[in-house]
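Structure first, commentary second.
Values quoted throughout were computed directly from the atomic coordinates according to the rules given, and no laboratory measurement underlies them. Quick caveat, the model's predicted, so the values are computed rather than measured. Don't worry about glycine lacking a Cβ; one is built from the backbone with ideal geometry, like all the others, and counts go over all protein chains shown.
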Amino acid sequence: MIHNSHSSNMYINRELSWIDFNERVLAHALDQRTKLLDQAKFSSIFSNNLDEFFMVRVASLKSQVEAGITKKSNDDQTPIEQLFNIRSKLLPILIKQENHYIHSLKTQLENEKIFILDYIQLNARQRSWVNSYFQHFVFPILTPLGVDPTHPFPFVSNLSLNIAALIYDPQSKQQQFARVKVPQKTIDRFIKIPTELHDSEIQPIFTMIPIEEIVAYNLKMLFPGMEIQEHSFFRVTRDADLELRELEADDLMIALEEGLRKRRLGGEVVRLEVSKNMPQTLLSLLMDGMAVKEEDLYIRNCLLALDELIKLSNLDLPHLKSVHASGQTHKSLKSSQSAMLEDGSIKKEEFESIFSIIRKKDILLHHPYDLFTSSVEEFINQSADDPLVMGIKMTLYRVSKDSQIIQALIRAAEKGKQVMALVELKARFDEDNNIQWAKQLEKSGVHVVYGLIGLKTHTKIALVIRKENNYLRSYFHIGTGNYNSKTAKLYTDIGLLSIDKEIGKDLVELFNYLSGFSKQQNFRKLLIAPINLREGFEKLIQREIHNAKQGKVGKIRAKMNSLVDPKIIQSLYKASNAGVKIELLIRGMCCLYPGKQNLSENIKVISIIGHYLEHSRIFWFFNNNNPEVYIGSADWMRRNLDRRVEALTPINDSDLKAKLEHLFDLYLNDNYNAWEMNANGEFIQRHPNNNPPNCSQIQLHSKEANQKVSQS
């Protein structure tokens, strides 16, 4: 074990590392190589990420401070110090986002004849149209709330957009505070104004106004007989972490539904965002009314709730969006498409069931380059309809609202097959969706379980039992991403379709572990958290250390979302000092310092931030030129190794191992979407300079790369 009295020199704070990651997301929005509407999208993603960060991470730190907890983080910071550093780091980044919106995005949109106007910019005809729109479509659904001795300060819901106003009563000569909640779910954020009302010689393609501007400048209709003295916009973020006392809950679903009701109301305020023009009188009333401290106040110089910029992506302007080739059906699966059989694209004599194809050889999938619909969904659909399939077992963590997989499971149960679905009710911010699916599945006869007390089931596994020649054979899929057709188009994930007997037996026992009271502790090939995954990783790293000390080549390659776990980091430092070459592809948080003298000189860290969210987890160990490779759903974080159920499967086929090694090469050589971490923990964006642009994601869509990475 490496000893160092200054832990801040060995570990990067996880919260600050997360902010670094989100700043890289914003940098993609600010990058002028990014298409205009994609700039809006990535700025929106930055804001949405930040909302969740405050609701969960900042809320947790504030709770620790309020509870008097002074325990330091791995990098030697108390909770209150972390909160101070989070704010200090965020403020200049927020200014970057504001400046981009005001001085770049809006200007470039106007150059494309797309105008986002404030009310005061409207001409007389536009104002008349907007006022009429307010009267007919907005006014009836608003509920203005005043504050006086008979009306206490209203509760302001989490992430709602609001107008604060000072109202003057000419009769009583009194000034009052009022709050109006802006409708967000029932009305579009950006209201399109007829283009023919535009005065300019330039004929616009789109003219829009934010809904809050329409409401704010029509407040007089809400308070007849009163004078509107001041108005300004504000937004509140509340603690939304959902604590469940599972051991005390007789019914997990009932307990979770109650918790969700509390979340919707919201916990303590952790952030108050206000428009820069808010008068001090209004600001003081807000802060006093919600007990907001100065350190939780964020004054914004542009629109609030920039997460809704994502809606600009819906504009039908293809030339302002990046065009990526759509994925294709995996080459090995082209003859197995039941939909193509039905529409005549495949002749009946040429059709092969997906089972006969999987029996021939393991299939490695790489989404979105390999279509999810014609691979994983096709596997589950054929399993539901095949008369030889006896049972289907799956874990469901995040699924889309129109999930074809859920429909297939319901269909299978209705046909009398044994179907088990583990629905993880505690998937953060997807709890409500999962509760509804769980209820629907149960009504259809699916055996629904909710996992283990104290552990989230995060693994992505599907097991199909098929009767063949009076013998039961296990077919399975193990992946790095959720069974979600929507995110499968946006996230890069790896999956394995196979009939490996030993892994099949492991999965049977793992599902028994998840659905009953099995205390299974031994698995043949799978690495399972929290049972043997941490130990398995440690052994794999130690073997590379041992080989390096013996004068052999020691090498580790790993791709994941986040590297946070201090024990794994210590082991990687130890491996680096032993001469093991370590190449890490880490999209998000990285608490390890690479390339640091006498600590991590043999470690390189790259982050890829591009059109697709890099979500796959791959772990590759050289093993004296006999590589051992795993894929699965676990990052190198404490929660994945110790507090979640995860499953990593080995990739045994030598061709598939080679394809994954080639995949690492593509990513590591990226000079377009890649950021390289230096010894100080800072990420520096790579640029092609005088070299040809090398974008790994575009290459993976090209025919040549797709043939290399997809099984031929």
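Work through the residues other than Ser374 whose Cβ is under 14 Å from its Cβ and net out their charges, Lys, Arg +1 and Asp, Glu -1. Neighbourhood net charge equals -3.
What is the chain's relative contact order, in percent, from Cα pairs under 8 angstrom and six or more apart in sequence? Result for the chain is 12 percent. Sorting Asp655, Asp362 by the number of Cβ atoms found within 10 Å of their own Cβ, with the fewest placed first, yields Asp655, Asp362.
Within the set (i) 127, 90, 60; (ii) 88, 59, 56; (iii) 89, 66, 62, the number that Cα extents along the principal axes in Å takes when calculated for this structure is listed as (iii). Per-residue ellipticity at 222 nm from helix content only, as computed over the chain with -39500 (n - 2.57) for each DSSP H run of at least four residues, stands at -10000 deg cm²/dmol.
Among DSSP bridges having both ends in the range 527-709, what percentage is antiparallel? Round to the nearest 5. Bridges in the range 527-709 are about 65 percent antiparallel.
Highest-first packing order for the peptide set 665-676, 271-282 is 665-676, 271-282, based on the mean count of other beta carbon atoms within 10 Å.
Rounded to the nearest 10 degrees, the angle from helix 533-549 to the longest Cα principal axis of the chain is 60 degrees. Relative to one another, the C-alpha centroids of the range 439-499 and the range 80-127 are positioned 43 Å apart. Highest mean first, the peptides 309-317, 578-586 sorted by other C-beta atoms within 10 Å per residue fall in the order 578-586, 309-317. Here the extension length gained between Glu442 and Asn99 equals 118.4 nm, from 0.36 nm per residue of separation less the Cα-Cα distance. Quick one: angle between helix 280-289 and the longest Cα principal axis of the chain, in degrees between 0 and 90, rounded to 10, please. For 280-289 against the chain, the angle is about 50 degrees. Can you say what percent of the DSSP beta bridges in the chain, counting only those with both residues inside, are antiparallel? Round to 5. DSSP beta bridges in the chain are roughly 70 percent antiparallel.
Per q in 0.13, 0.14, 0.18, 0.19 1/Å, what log10 I(q)/I(0) does a Debye calculation on the alpha-carbon atoms of the range 527-709 return? Each listed q corresponds, in turn, to -0.66, -0.77, -1.29, -1.42.
Each part reduced to its alpha carbon centroid, the range 645-679 and the range 139-194 end up 52 Å apart. Taking packing as the residue-averaged number of other Cβ atoms within 10 angstrom, the listed peptides 640-653, 391-404, 342-355 run from highest to lowest as 640-653, 391-404, 342-355.
P(r) for the range 326-437, from all Cα pairs and a bin width of 10 Å, is 13, 39, 36, 11, 1 %, short bins first.
Under the convention that each Lys and Arg Cβ holds +1 and each Asp and Glu Cβ holds -1, the size of the dipole of the chain around its Cα centre is about 1540 debye. By DSSP, the beta bridges lying fully in the range 7-320 are antiparallel in about 80 percent of cases. Structural descriptor for the range 331-515: relative contact order 26 percent, calculated from alpha carbon pairs under 8 angstrom and at least 6 residues apart. Relative to the longest principal axis of the Cα atoms of the chain, the long axis of helix 376-385 lies at roughly 70 degrees. In order along the range 48-62, the phi-based Karplus estimate (6.51 cos²θ - 1.76 cosθ + 1.60, θ = phi - 60°) of 3J(HN,Hα) comes to 5, 4, 5, 4, 5, 4, 5, 5, 10, 6, 5, 4, 5, 5, 5 Hz; Gly and Pro are listed as x. Seen from Lys552, the other residues with C-beta closer than 14 Å to its C-beta sum to a net charge of +3, counting Lys and Arg as +1 and Asp and Glu as -1.
For each pair in Lys347/Lys460; Lys35/Lys181; Lys192/Lys276; Lys311/Lys486; Lys347/Lys501, compute the distance between the two Cα atoms and list the pairs where it is over 23 Å. Table pairs above 23 Å Cα-Cα are Lys347/Lys460; Lys35/Lys181; Lys192/Lys276; Lys347/Lys501.
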